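Enquirer: Sharing a structure, written as structure tokens. Questions coming.
The values are calculated or read from the model by the stated rules, or taken from the named source; none is laboratory data. Just so we're clear, the structure is a prediction, and the values are computed from it rather than from any experiment. Positions of Cβ are backbone-derived with ideal geometry, glycine not excepted, and every protein chain shown enters the neighbour counts. SASA here: full protein model, heavy atoms, side chains in, ligands and nucleic acids out. Shrake-Rupley method; radii C 1.70, N 1.55, O 1.52, S 1.80 Å.
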Amino acid sequence: MCIRDRMLAPRFAHADAASGPTPAQEAEADALFRRANEKVAKKDYVAACPLFEEAYRIAGGGGTAQNLATCYEDLGKVAAAYHAFEELRRISIPANRADRVKLAEEHMAKLEPRLSRLRVRIPPERRVPELLVSVDGDTYGEKALESGIVVDVGRHVVKITAPGRKTLELTRSVASEGTTETLDVPVLSLIHI
């Protein structure tokens, strides 16, 4: 998958969208959803969010996407919540669910000023052919990196690769909401054979 396709792919992918989930998958997703809601009732968002994630991965669904987004928000994972509300908005438009579109947009507007970003700059003298930069395992194009990838507060792994060069793995922490942390890509050493 090329960088552009990966960037445009939905953040959350669920079971084969063409045929939909099997009855067994639907039952498993429903069970996960119920368990997640039990955790939310106890304010155990750390346990609830992964259950909503798995339920959505298995069967999709606007209700699950909405609950996942609000779970992330309650957990304080601003970037994850923002992305989940983007997904809720995306799937609600073709489903003609104006109520969910409105809810997603309202939450996204509220979260926007709190978003943290990790900006990765590649100075012209350090650009090499086929340079790839990933943040937390996701590869991004240079323009997205320079404008800043939306991330949650905490530690992030930046991996830089290029053919004939030593792979470099760096960590960068984003300390607080609403801030942008910048990382300048260092020179990649040649591999000596």
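Enquirer: I need two numbers for the range 31-120: Rg to one decimal and Dmax as a whole number, Cα atoms only, in Å.
Expert: That works out to 12.9, 41 Å for Rg and Dmax.
Enquirer: Separate question: Using the Cα gyration tensor of the range 98-157, with a ≥ b ≥ c the square roots of its eigenvalues, what is the shape: rounded (a/c below 1.5), prolate (a/b larger than b/c) or oblate (neither)?
Expert: Verdict is prolate for the range 98-157.
Enquirer: With 22 Å as the limit, write out which pairs from Lys39/Lys77; Lys42/Lys110; Lys42/Lys77 have Cα-Cα distances beyond it, or answer none.
Expert: Cα-Cα > 22 Å for Lys42/Lys110; rest within.
Enquirer: When Rg is the radius of gyration of the Cα atoms in the range 93-193 and Rh is its Kirkwood radius, what does Rg/Rh come to?
Expert: Checking Rg against Rh, the ratio lands at 1.12.
Enquirer: Pop out the ³J(HN,Hα) list for the range 68-85 in order, Karplus 6.51 cos²θ - 1.76 cosθ + 1.60 with θ = phi - 60°, rounded to Hz; leave Gly and Pro as x.
Expert: Here the 3J(HN,Hα) series is 5, 4, 5, 5, 4, 4, 5, 6, x, 8, 4, 5, 4, 5, 4, 5, 5, 5 Hz.
Enquirer: Something else: Pop out the ³J(HN,Hα) list for the range 155-168 in order, Karplus 6.51 cos²θ - 1.76 cosθ + 1.60 with θ = phi - 60°, rounded to Hz; leave Gly and Pro as x.
Expert: 8, 10, 9, 10, 10, 10, 9, 7, x, x, 10, 5, 5, 10
Enquirer: Once both labels are modelled 7 Å past Cα along the beta-carbon direction, what's the Ser147-Lys110 spacing in nm?
Expert: Using points 7 Å along Cα→Cβ, the separation is 2.5 nm.
Enquirer: Return the carbon/sulfur percentage of the accessible area of the range 61-193, one whole number, probe 1.4 Å, all protein chains in place.
Expert: 49
Enquirer: Based on the Cα gyration tensor of the chain, what are the three equivalent ellipsoid semi-axes, each the root of five times an eigenvalue, rounded to whole Å and given largest first?
Expert: 34, 19, 16
Enquirer: At a threshold of 8 angstrom on Cα-Cα distance, excluding pairs fewer than six apart, so keeping six or more, what relative contact order does the chain reach in percent?
Expert: Computed value for the chain: 17 percent relative contact order.
Enquirer: In deg cm²/dmol and to the nearest 500, what is the mean residue ellipticity at 222 nm of the chain if only DSSP H runs of at least 4 residues count, each as -39500 (n - 2.57), divided by the residue total?
Expert: Counting only the DSSP helices, I get -14500 deg cm²/dmol.
Enquirer: How many nm separate the modelled label positions at Val46 and Arg155, each set 7 Å beyond the Cα in the direction of the Cβ?
Expert: About 1.6 nm, to one decimal.
Enquirer: What is the ratio of the Cα radius of gyration of the range 129-187 to 2.2 N^0.38 Å, with N the residue count, to two decimals?
Expert: Working it through for the range 129-187, the quotient is 1.12.
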